[in-house]
Amino acid sequence: MAPSHALRCCKRALNWVPVLFINLVIGWSYYAYVIELCVCKYTFCYLVVFHICLIMFIWSYWKTIWVTPAEPSKAFSLPRVEKDQFEKEERAEVQQEILKKVVRNLPVYTRTAGGAVPYCNSCQVIKPDRCHHCSTCERCVLKMDHHCPWVNNCVGFSNYKFFILFLGYASLYCAVICATVMQYFIKFWKKLLPETHAKFHILFLFFVAALFFISIISLLSYHLWLVAKNRTTIEAFRAPVFTNGPDKNGFSLGFKRNVAEVFGDQAKYWFFPVFSSLGDGHSFVTRLVHIDPETANSILQQNGKRLSINRFYINTRNSPISEVSSKHMLLQMEDWLWTSPLKRPKLIIDN
């Protein structure tokens, strides 16, 4: 036990090496830009823009690091009786029947690739939609996107907005440095810079900022695309599976609502690293709506009529929703509307 504990402590310490590296680069860039460039070259007008970008960059970065990833609530744990039955049972099919019985009262509509109810044996909880277990953090993370070694933390529901802002302000920080140092880089090639130690700091700063800018802007572009599609990195590589099959666009609500899910519905908070994401991370609106198939078919058979079903939002903080049907109906984007929480979808017949 002792060697294992010592190894785990060493591993946790090593996980902070990338974070330490990033902070050392930031510290050196501050010295090179402020002291060697702005002070020595008397370019004080650059300092205002530089410090605004730096403050927002550092704020977003450390919020991404220190915000604890959200975990499933106790509502997703098995009740004592079902838990005892589950642990004593060795047959996988019987265990699944126990899980299906419990999940009827929970807003869980995704399944594993094999069609089973997602259950984490390590955390002993039924995994909510879009929740995954992180082996590095040793916990289940709500709406997990990925584990990022550069922040030594899982990026998920609780800090995904901060992560996007961190990438955005890091790109802006590097862009400001490149834009303002460019003229000195040109002077260097023309051999117009005096031979001082400041020259090497400034030139190296330009190359490092340009390199980081290219790397970060590509990653930022990818995650902005994910936000627009309402997907996580995991879902981009493996489409979420619902009870009627996989659907890579299962959580997409249209561009505006997809952006609002991450950044919130109040634009004044979008560019600040304060939490404003919608929902509680345990349940998400999907384009798969529960409805009785017989009711839907009878309505669809009416001549000259069109069926549209209002969307619904499931909130686990209210009373659990009961399962109406194991079948789902895929809706057209233009038919998506909102209804009050935890109510059956309302049918609208348009002449």
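The values are calculated or read from the model by the stated rules, or taken from the named source; none is laboratory data. Since we're looking at a predicted model, the values are computed, not measured. Every residue, glycine as well, gets a Cβ built from its backbone with ideal geometry; the counts of neighbours run over all protein chains shown. SASA here: full protein model, heavy atoms, side chains in, ligands and nucleic acids out. Shrake-Rupley method; radii C 1.70, N 1.55, O 1.52, S 1.80 Å.
Take the conditions in a helix (DSSP H, G or I), at pLDDT below 90 and open to solvent by 10 Å² or more (accessible area, probe 1.4 Å) and apply them to Lys256. Does it pass?
Values: in a helix (DSSP H, G or I): yes; at pLDDT below 90: no; open to solvent by 10 Å² or more (accessible area, probe 1.4 Å): yes.
No: the conditions fail for Lys256.
Is it true that some residue in region 135-145 is of a type in the set (Asp, Glu), outside the structural domain of Pro246 (by the TED database), open to solvent by less than 40 Å² (accessible area, probe 1.4 Å) and touching a residue at least 12 places away in the same chain (Cβ under 8 Å)? Before the answer, list the steps.
Of all residues in region 135-145, those of a type in the set (Asp, Glu) come to 138, 145.
Next, from what is left, pick out any that are outside the structural domain of Pro246 (by the TED database): 138, 145.
When the remaining residues are screened for being open to solvent by less than 40 Å² (accessible area, probe 1.4 Å), the result is 145.
From what is left, the residues that are touching a residue at least 12 places away in the same chain (Cβ under 8 Å) are 145.
Yes.
Scanning region 68-98 for residues that are under 21 Å from Lys143 (Cβ atoms) and assigned to a helix (DSSP H, G or I), which turns out most open to solvent (accessible area, probe 1.4 Å)? Before the answer, list the steps.
First, the residues of region 68-98 that are under 21 Å from Lys143 (Cβ atoms): 68-77.
The next check asks that each one be assigned to a helix (DSSP H, G or I); those that pass are 74-76.
Details: Lys74: 183, Ala75: 62, Phe76: 1 Å².
The extreme case among them is Lys74.
Could you please give the count of residues in region 54-67 that are of a type in the set (Phe, Trp, Tyr) and open to solvent by 90 Å² or more (accessible area, probe 1.4 Å)? Let's see the steps before the verdict.
Our first condition is that a residue be of a type in the set (Phe, Trp, Tyr); within region 54-67, this holds for 57, 59, 61-62, 66.
Checking the rest, the ones that are also open to solvent by 90 Å² or more (accessible area, probe 1.4 Å) come to 59, 66.
Total satisfying the criteria: 2.
Yes/no per residue for (1) over 21 Å from Val141 (Cβ atoms); (2) of a type outside the set (Asp, Glu); (3) modelled with pLDDT of 90 or more:
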residue	(1), (2), (3)
Glu261	no, no, yes
Gly264	no, yes, yes
Asp280	no, no, yes
Arg287	yes, yes, no
Ile291	yes, yes, no
Thr295	yes, yes, no
Leu300	yes, yes, no
